[in-house]
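Trainee: This is the structure I want to talk about, given as structure tokens.
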Amino acid sequence: MADSNQYNWQCGLLANEIEEFIEFKRKSGSEYISSELALKAFNRFCATLENQTLTPQQLADAWVDPDNKMTKRAGRCCVRQLGQYLTEQSHPKAFTILSDGGNAPRALGIKPSIFAREIKEFIDHKRSTGRKYGIEEYSLKSFDRFCAMKKNDTLTPQQLVDSWVKKTKEKSGSNIGMVREFGIYLTEQGSEKSFVVPYANGDIPKPVFSGYTSLFAGEIELFLKTKRSEGLKYKHEEIRLKDFDRFCNEHPDWPAQQLAKTFILYQDDCSYYKGKKSATVIKAFGNYLTENSCPNAYAIVDENFIVGPYAEEIDTFIDFKKSCGFKYQIAKYYLRVFDIFCASKVNESLAPQQLADAWTLQRDSEHPNTHAGRVDPVRVFGNYLASIGHPKAFTIATEIAKRKASKPPYLFTGDDINIFFEACAELEPNEKDPSMHIVLPAAFMFMHCMGIRTGELNISMENVNFETGEVIIIDAKTGDRVVYMSDELSASLLEYNLAIEKFFPCRKYLFPASVSRPRNDFAKQFSEIWTANVPDIGHGAPRLYDFRHHLLYKNVELCLLDGGDVNVLQPYVMRHMGHKLPESFQYYFHLSPPIQRELSKIKNNLDWMIPDVPEVPYE
């Protein structure tokens, strides 16, 4: 600063303006030492040309002339910012220096945007909750500068945001999440400047949950406490109850019964999964209200239990099967649906065998295995009725309910796996799916290294520890389990995590489609990439699930080739894969040619123990 005070700022056409600009930058928190030296050089340059009566724009053009050896890139940048500073103030000495790409310089944010005060309040609010909010603040300031530049366009807050989102998506889309969160904050505050930024899939973001406020508020809290006191997590169910609470607030004049039934129908329209889960939770909550004689009690009738002509017999049959040790859950569902089907045909006066024949007809677009799974429980039920001499007995041929043989696992080679992952590394983003080139390679690498089921890729961030490599697989086919990543995989996923956070800050899932939704098209994308890049070697294309097969049989193969004991390996691999039965593990012994060769050697070495048996004639 001492040198700055000694410098003569009175020389040069832009001397006072340069001094004022440096003071502005320092008040903004910048030390501005090296930049000050560059501006001093520009000021001296202007002073040397003072006798030529040049305009500020001509001086600036002369300064950035390639033949001017005094100018360096840093010096151009500082003078460009000075010109922008004067332009934003509508100063008579304003000038413009374009970037190397020919673009006009962006606004410095001297003019406050319509959101300036609200952005500061929002950032202060976030930091008061313990958040650092560093990168997020930078994103919001970038948004603020954009709005400041559009201040004279008389756009509404929503039009401003729509224009900014369109511009941002053309680049990377990484800052959109922060502005979406800011919009939610303004909406919650009841601000007249509130706006909405939809998610990539078109969903409208919901306000941050701040407590139950509907007519069921107190009962929902007591219901959750009751469930958790019984040892249940009830996390997914709580999400449905939050949605139900919001729905009730949107229709405050509706009676409890109408609210419950309409909410289930609304969720069913959104997706089958949502509708099924919501119906279960809302029905359980209604039963709780009824049992406790709450004034807002309601009842949801489960339509799957409509009484048909076989209702009583089905109950008896299911009890019999359970007494034999069978769970009979899926079969129970299909038998109930069959009973509903029979009830729908009551006006057609069909005989029991005709009803069964109508049930066995394959539906349009129904997969053969789905058809077999639907028909087989009814076939067994018909045999049961026939065995007890029931008058409504019927028969279904075994062949009708026979499943097609499952596709054999694909045996990968080292070459085709390398080709596939090289193709993944060359994926490029597109406007509709800007994060695809980051998420897909990471998910496929995780699947290849960990061998989990395809449906288990919806991993929550709270269940991943990059330092220890621990990953908790929730709601798996055979229950929750913990798996462990190698150090190399942990390091790779940590790098991936830093990259994907730019697209989905504060995301919920490890492999996301949006901030709050996991990606679910991995199998489809795998097939498309494989088909387009890996040569067909004559035995079909693999499925993503085949990476699971690959991990297991490769471990068995390596164990055999190294002279290890597979019996020692078995419990560890079963625990990692989530197998409950030894048969699931032993199935993989016949898959790999090296395993088959090893087993043949063992068999040959043991042949001497088996004596020859003379032929015995049978007459």
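Trainee: Inside the stretch 511-521, can you point out the residues that are under 24 Å from TYR138 (Cα atoms) and not small (Gly, Ala, Ser)?
Mentor: PRO512, VAL515
Trainee: Kindly indicate whether ALA532 is of a type outside the set (Asp, Glu), more than 30 Å from LEU411 (Cα to Cα) and in the same structural domain as ASP433 (by TED's automatic domain parsing).
Mentor: no
Trainee: Further question: Take GLU23 and decide whether it is of a type outside the set (Ser, Thr, Tyr), modelled with pLDDT of 65 or more, out of contact with any Leu (no Cβ under 9 Å at 6 or more places or on another chain) and not in a helix (DSSP H, G or I).
Mentor: Against the criterion (of a type outside the set (Ser, Thr, Tyr), modelled with pLDDT of 65 or more, out of contact with any Leu (no Cβ under 9 Å at 6 or more places or on another chain) and not in a helix (DSSP H, G or I)), GLU23 does not qualify.
Trainee: Go through the stretch 570-598 and report how many residues are out of contact with any Phe, Trp or Tyr (no Cβ under 7 Å at 6 or more places or on another chain) and either farther than 27 Å from ILE474 by Cβ or at pLDDT 75 or above (or both).
Mentor: Summing the residues that are out of contact with any Phe, Trp or Tyr (no Cβ under 7 Å at 6 or more places or on another chain) and either farther than 27 Å from ILE474 by Cβ or at pLDDT 75 or above (or both) in the stretch 570-598 gives 14.
Trainee: Let me ask another. So, in the stretch 555-581, how many residues would count as being among the basic types (Lys, Arg) and without any contact (Cβ under 8 Å) to a residue 24 or more places away in the chain?
Mentor: Matching residues across the stretch 555-581 total 0.
Trainee: While we're here: Exactly one of these conditions fails for ILE417: (1) modelled with pLDDT of 90 or more; (2) closer than 26 Å to LEU494 by Cβ. Give me its number.
Mentor: The one condition ILE417 does not meet is (1).
Trainee: Also, I was wondering about something else. In the set PRO157, PRO112, PRO92, which member is modelled with pLDDT under 75 and not charged (D, E, K, R)?
Mentor: PRO112
Trainee: Restricting to the stretch 423-433, and then to whatever is touching a helix residue (DSSP H, G or I) at 6+ places or on another chain (Cβ under 8 Å) and farther than 20 Å from LEU457 by Cβ, can you tell me which residue is surrounded by the most Cβ atoms within 10 Å (Cβ to Cβ)?
Mentor: Across the stretch 423-433, the extreme among qualifying residues is PRO429.
Trainee: Sticking with this structure for a sec: Looking at the stretch 420-537, what helices (runs of 4 or more DSSP H) fall wholly within it and have at least 1 residues that are closer than 22 Å to PRO205 by Cα?
Mentor: Fully inside the stretch 420-537 and qualifying: 436-450, 487-500.
Residue-wise test of (1) farther than 29 Å from LEU232 by Cβ; (2) among the polar types (S, T, N, Q); (3) touching a Phe, Trp or Tyr at 6+ places or on another chain (Cβ under 7 Å).
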| residue | (1), (2), (3) |
| --- | --- |
| HIS448 | yes, no, yes |
| VAL464 | no, no, no |
| ARG481 | no, no, no |
| TYR484 | no, no, no |
| GLU495 | yes, no, no |
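The values are calculated or read from the model by the stated rules, or taken from the named source; none is laboratory data. Note that the structure is a prediction, hence the values are computed from the model and not measured. Cβ atoms come from the backbone with ideal geometry, glycine included; neighbour counts cover every protein chain shown.
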